[in-house]
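Bear in mind that the values in this text are calculations on the coordinates, not laboratory data. The structure displayed is predicted, hence computed values, not measured ones. As a convention, Cβ positions derive from the backbone with ideal geometry for all residues, glycine included, and neighbour counts pool all protein chains shown.
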Amino acid sequence: MPNLIYVAVIFVLQYSSKGIFKSEKEIKGDCMQTGVGQSHAKIILIGEHAVVYGQPAIALPIFAVQARVTVTLEPALQTPQIKSTYYNGPLEQAVGQMQGIRRLIEQLWHALDPNLTPFELTIESDLPPERGMGSSAATAVAIIRALFATYHQELSQQRLLKLAALSENLIHGNPSGIDAATTGATTPLWFVKGQPLQPLPINLKGYLVIADSGQKGQTGAAVKSVQNQMMSNPEQTQPLIDHLGYLTQQVARNIAQNELTVLGANLNRAQLDLRALGVSNARVDHLIDVANQTGSLGTKLTGGGRGGCIIALAATQSAADDLAQALSAAGAIKTWIQPLHAL
């Protein structure tokens, strides 16, 4: 599989480059050249779990939470070096949770630089891992952008998304593609399993507060639990899935028509369905209750559930600040505020 993905990386680079790649002589002149790539987090606004069964989901880019990668060509080095929170050292020795990232970097390096000039690559990310915010995908998108910038190569959005999807295959095996697409996107995305992602119009005044429960999300276990319920008790489970699909359709209209209050009510209804499916937990429920008591227009978990993050809707910056403060006091280890008019 890695060899096949390497071939795919080369194909994406070569057949969309249109002759823009530099000669070896030109690249030699770029030593000490620095390139920077940035990306951002993502959240699922609505539709998680139901999307597994053919219902739609809506993902939002979260610009308030950023990842940044800096690449500097360093010909004096013997081998590329990585600097990050999780690993510092030679690229070739990066293993464990960095192994997929290492393979992505190696394959892009070999494809972009015929001289294989060593470099230092620094990863800075505010995205917490395993919280449903697309941490690995955001890192991959920032790495791709940084390496292309280093070698002065043109990178269209289409090519970025293709490479990001390939990188997620390296890291996760068979992802949906929604993380890679949303962490590299500038608009909300409409997602239906087996269909191309579609940009979604948004015209919404308000603020979204994201709060980290401090617990890693348990997506695999939650998905398996819903699957078991669907098999053992479809009469009760299928209507919940169908209702989540209906609510997602309504939310698409809400965000396009600035229906903030109705949006909040639909998010609350979605959380009731998710709780009935058993994908929430006591910590998440507590934070949701606190947000609702503090004036949230609508609050729900986001992502796989059983930990991870919650989202809460506010009409004003002041209300969002109050929510963030209350959630922090209630045990959230980190909060972020995303202005919705900026999407």
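Results, tabulated for the structure shown:
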read-out: Identity of the residue in segment 261-307, polar (S, T, N, Q) and in a loop (DSSP other than H, G, I, E, B), that ends up farthest from the chain's Cα centre (by Cα); value: Thr294
read-out: Members of segment 54-83 found to be within 20 Å of the chain's Cα centre (by Cα), over 18 Å from Ala149 (Cβ atoms) and small (Gly, Ala, Ser), listed by number; value: Ala57, Ala59, Ala64
read-out: Hey, Asp273 over 20 Å from Val65 (Cβ atoms) and in contact with a His (Cβ under 6 Å, 6 or more places away or on another chain) or not; value: yes
read-out: Lone qualifier among Ala256, Ala276, Ala329, Ala282 - being in contact with a Pro (Cβ under 6 Å, 6 or more places away or on another chain) and surrounded by fewer than 19 Cβ atoms within 10 Å (Cβ to Cβ); value: Ala256
read-out: Filtered residues of segment 308-343 (kept if within 22 Å of Glu130 (Cβ to Cβ) and either of a type outside the set (A, V, I, L, M) or part of a loop (DSSP other than H, G, I, E, B) (or both)); value: Gly308, Cys309, Ser328, Ala330, Gly331, Ala332, Ile333, Lys334, Thr335, Trp336, Gln338
read-out: Counted residues, segment 309-326 - those being buried (at least 24 other Cβ atoms within 10 Å of the Cβ) and without any contact (Cβ under 8 Å) to a residue 60 or more places away in the chain; value: 0
read-out: Contacts under 9 angstrom Cβ, first residue in segment 74-101 being within 10 Å of Glu120 (Cα to Cα), partner of a type in the set (Gly, Ala, Ser) and not in a strand (DSSP E or B), 6 or more apart; value: Ile82/Ala94
read-out: Subset tally (residues that are within 13 Å of the chain's Cα centre (by Cα) and either closer than 20 Å to Gly305 by Cα or hydrophobic (A, V, I, L, M, F, W, C) (or both)) for segment 127-171; value: 18
